[in-house]
Amino acid sequence: MAGTSPRPPSPGIAWHALDTAEALRKLRGRPEGLAPEQVASRQIEFGPNLLPGARTPTLWAIILHQFKSPLIYILLAAAVVALALNETSDAIFIFIVLALNATLGTFQEWRAEQSAASLQTLLDVQARVRRAGQEVRVSARELVPGDIVLLESGERVSADLRLLDANNLTIDESFLTGENIAPRKTGESVGEDLPLGDRTSMAFAGSMVMTGRGLGVVAATGLATQVGQIAASVTRSEGGKPPLLVRMEKFAHQISLFVGGAVVLLALVGLARGLSYAEVFFLAVALAVSAIPEGLPVAMTVALSIGVQRMARRNVIVRKLPAVEGLGSCTCIASDKTG
C-alpha cells in the first residue's frame, strides 16, 4: 500500500555479487529506464523513498509537553489545594505562573519545529534518472527499485544502487564505513561476503560522489537501504533524559519529602498544643503551598529560552528547551577518525 514502509524487491540478495544483466533482470529494470506506468505501480508497491522520522508534533501536543514535569505537577496540586481553601489569590498567582511558563516554552518549541520543517523542504534532493529513454530530474522520494540513476561528481546518492557503469567514479562512504578515503567504484561484480567498504559495485544512499560519473539501477529505497536500516534502529531506541530533567525530578522528589516531613511535624506540634484537627489541617496545607517555589519553572524557561536564542544566532535549531542545558553539560565528545 502507498505510504507503507518500502520493502526490497528481493530480500537477502547480494546485489554486489550479481553481474549487471542479472541485477537488471531481478530488479525488472531496463537500460532505457522504466515507463511512467511502471513507476506509478512500483511507487504504490514499495512506497516513497524516505527514511523514518519523528512526526511533527501538533501545537496542542507542544502545549501539553510544557506541563510534563514533576515540579509542575506539584504546583498544580498546590493551586487546587489553594482553591479548596478559598485562597484565591494564591491559586490565581500559581495559575498565572504556569500559564506564563507554558506560553514561553510553547513559543520557543513551536518556532523551532517550524524551522526544522522548513529546513526539510530545503533538503529535498533531486536525482537524475532515465525514464522511457529520456533523462529527467525527479525528487529522490519518487525513486523506485529498477530506476536507472545517473551520477556525477558533487551529487548525493539518493538510493542504494547496483552500478552498471563507472568512469573514474569515487564515492565518499565514510558515514557508513568509517573510511575517510573515497573508494573507486566499478560496474564489475565482487565477492558475495565482502563488507560494505569493499562492495565496489554498489553506491549507497546518502553517500557523496567525489569524482567521475556513473550509472546504476536502484536496488533498494527507504528503509531497505543500508542507511535506512541504521535510521530504523536509531528511531526505535529511546534516548536518555537530559541532565536538567533528571535534576528537576530529583529536586521535586526532595522537596516533596521535605514538605511532607514538615507538615507531619507541624501537625504533631499543633495537636500537642491543643489545636483542633481543622486548624492543624489548614496550617499544614498553608505550609505546603507556601513552600513550593512557584517562580522556579518560569525562571528556568526564561534562562533556557535565552540559550535557544543564542544557538539560533549561530544557525542551530534546538527543538526542546532542556536540550540546551544538555549540550552545555557535555564534558567529552567522542568520534571516530572521520569525525
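Here are the numbers:
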item: Qualifying positions in the stretch 316-331 - farther than 18 Å from GLU113 by Cα and either free of Cβ contacts under 8 Å to residues at least 24 places away in the same chain or not in a helix (DSSP H, G or I) (or both); result: LEU327, GLY328, SER329, CYS330, THR331
item: Tally of residues being open to solvent by 80 Å² or more (accessible area, probe 1.4 Å) and at positive phi across the stretch 30-39; result: 0
item: Some residue of the stretch 65-88 being of a type in the set (Phe, Trp, Tyr) and touching a residue at least 60 places away in the same chain (Cβ under 8 Å); result: yes
item: The stretch 234-269, subset at pLDDT 80 or above and exposed (fewer than 12 other Cβ atoms within 10 Å of the Cβ), residue farthest from the chain's Cα centre (by Cα); result: LEU268
item: Which listed residue, of VAL218, VAL149, VAL227, VAL246, is within 24 Å of PHE46 (Cα to Cα), in a helix (DSSP H, G or I) and of a type outside the set (Gly, Ala, Ser); result: VAL227
item: Some residue of the stretch 127-147 being at pLDDT below 75 and either under 27 Å from PRO242 (Cα atoms) or open to solvent by 70 Å² or more (accessible area, probe 1.4 Å) (or both); result: no
item: Filter result for LEU83 (at pLDDT below 85 and not in a loop (DSSP other than H, G, I, E, B)); result: yes
item: Subset of the stretch 290-315 that is over 14 Å from ASN101 (Cβ atoms) and part of a loop (DSSP other than H, G, I, E, B) - its residue that is least open to solvent (accessible area, probe 1.4 Å); result: ASN315
item: Meets criteria (open to solvent by 30 Å² or more (accessible area, probe 1.4 Å) and at pLDDT 80 or above) for LEU287; result: no
item: Candidate set from the stretch 270-284 (those that are modelled with pLDDT under 80 and surrounded by 17 or more Cβ atoms within 10 Å (Cβ to Cβ)); member that is nearest to the chain's Cα centre (by Cα); result: ALA284
item: Selected residue (criterion: modelled with the lowest pLDDT) from residues of the stretch 208-221 that are surrounded by 24 or more Cβ atoms within 10 Å (Cβ to Cβ) and not aliphatic (A, V, I, L, M); result: THR221
item: Residue in the stretch 40-49 that is in contact with a Phe, Trp or Tyr (Cβ under 7 Å, 6 or more places away or on another chain) and open to solvent by less than 20 Å² (accessible area, probe 1.4 Å) present; result: no
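The values are calculated or read from the model by the stated rules, or taken from the named source; none is laboratory data. Everything quoted here is computed from the prediction, not taken from an experiment. All Cβ positions, even for glycine, are placed from backbone atoms using ideal geometry, and neighbour counts span all protein chains on display. Just the protein is used for accessible areas: all its heavy atoms, side chains included, with ligands, DNA and RNA removed. Shrake-Rupley method; radii C 1.70, N 1.55, O 1.52, S 1.80 Å.
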